[in-house]
Amino acid sequence: MRSLSLRPLLLPVAAGLGLSLLSGLPAQAHSVADAGFGTGFSHPLTGLDHLLLLVGVGGVAAFIDRSVLLFALVGALAGGALGAAGGQLPGAELLAALTVSAMGIVILAAQRSHRGPRLGLIGSLVTLAVAIHALLHGQEASGTITWWLGAGLGSTLAVGLSYGLLRQAPIRWTIGVASLLSVAGVVLAVAPA
């Protein structure tokens, strides 16, 4: 009697379950953000588009180069300042969702490329992706520094954990996460708000 292993099915089943959960959620996790440190800390962890972007940034840093994290920091600071100053970007919610896909596509493209990835180009894409999310945060925040400190710490935790885990995991896990991100961003973009 042959033994049947379910191991090859784990990643597809997890991806399917994740996508089915995503399909019922709105892409927009943005509202007024002024309730203090705890709310700021939890926002990037409970806002699905934010959490997936942060996992993607950690994945890009783990797969390509950890200096991508500096590009992400620049994007966070610039986007947050621009949003707090009243800056607007048409279609920012849609773009925020699509940046999740962009992080997955960057990893997949780097994996398929026979040449090393261009850090400047990838860093610029990461900067832009994070800046779009931070711009939306800047528009939400009422200026409370404690909210920003909480959001910064929550974001750093999410990126740091995903970076550390994917850096140590077999490459197929990073590719699996990248594939899931590539699809999840599109699902978030087209999900009803």
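The values are calculated or read from the model by the stated rules, or taken from the named source; none is laboratory data. Here the structure is a predicted model, which is why all the values come from computation and not from measurement. Cβ sites come from the backbone with ideal geometry, for glycine too, and all protein chains shown count toward neighbours. For the accessible areas, the whole protein counts, side chains as well, though only heavy atoms, and no ligand, DNA or RNA atoms are used. Shrake-Rupley method; radii C 1.70, N 1.55, O 1.52, S 1.80 Å.
Test Gly38 against the stated conditions and say whether it is over 17 Å from Leu161 (Cα atoms), assigned to a helix (DSSP H, G or I) and open to solvent by less than 60 Å² (accessible area, probe 1.4 Å). In short, yes. The C-beta contact set for the range 152-176 (first residue on the phi > 0 side of the Ramachandran plot and in contact (Cβ under 8 Å) with a residue 60 or more places away in the chain, second residue charged (D, E, K, R) and surrounded by 14 or more Cβ atoms within 10 Å (Cβ to Cβ), distance under 7 angstrom, 6+ apart or interchain) is empty.
Take the conditions open to solvent by 20 Å² or more (accessible area, probe 1.4 Å), part of a helix (DSSP H, G or I) and touching a helix residue (DSSP H, G or I) at 6+ places or on another chain (Cβ under 7 Å) and apply them to Leu165. Does it pass? When the stated conditions are applied, Leu165 does not pass them. Condition (residue is in contact with a strand residue (DSSP E or B) (Cβ under 8 Å, 6 or more places away or on another chain) and open to solvent by 40 Å² or more (accessible area, probe 1.4 Å)) applied to the range 145-158: is it met by at least one residue? Looking for residues that are in contact with a strand residue (DSSP E or B) (Cβ under 8 Å, 6 or more places away or on another chain) and open to solvent by 40 Å² or more (accessible area, probe 1.4 Å), one finds at least one in the range 145-158, hence yes.
For the range 129-137, indicate whether the set of residues that are on the phi < 0 side of the Ramachandran plot, open to solvent by 70 Å² or more (accessible area, probe 1.4 Å) and in a helix (DSSP H, G or I) is non-empty. Scanning the range 129-137 turns up no residue that is on the phi < 0 side of the Ramachandran plot, open to solvent by 70 Å² or more (accessible area, probe 1.4 Å) and in a helix (DSSP H, G or I). So which residues in the range 175-193 are crowded, with 22+ Cβ neighbours inside 10 Å and not hydrophobic (A, V, I, L, M, F, W, C), if there are any at all? Scanning the range 175-193 gives a single hit, Gly185.
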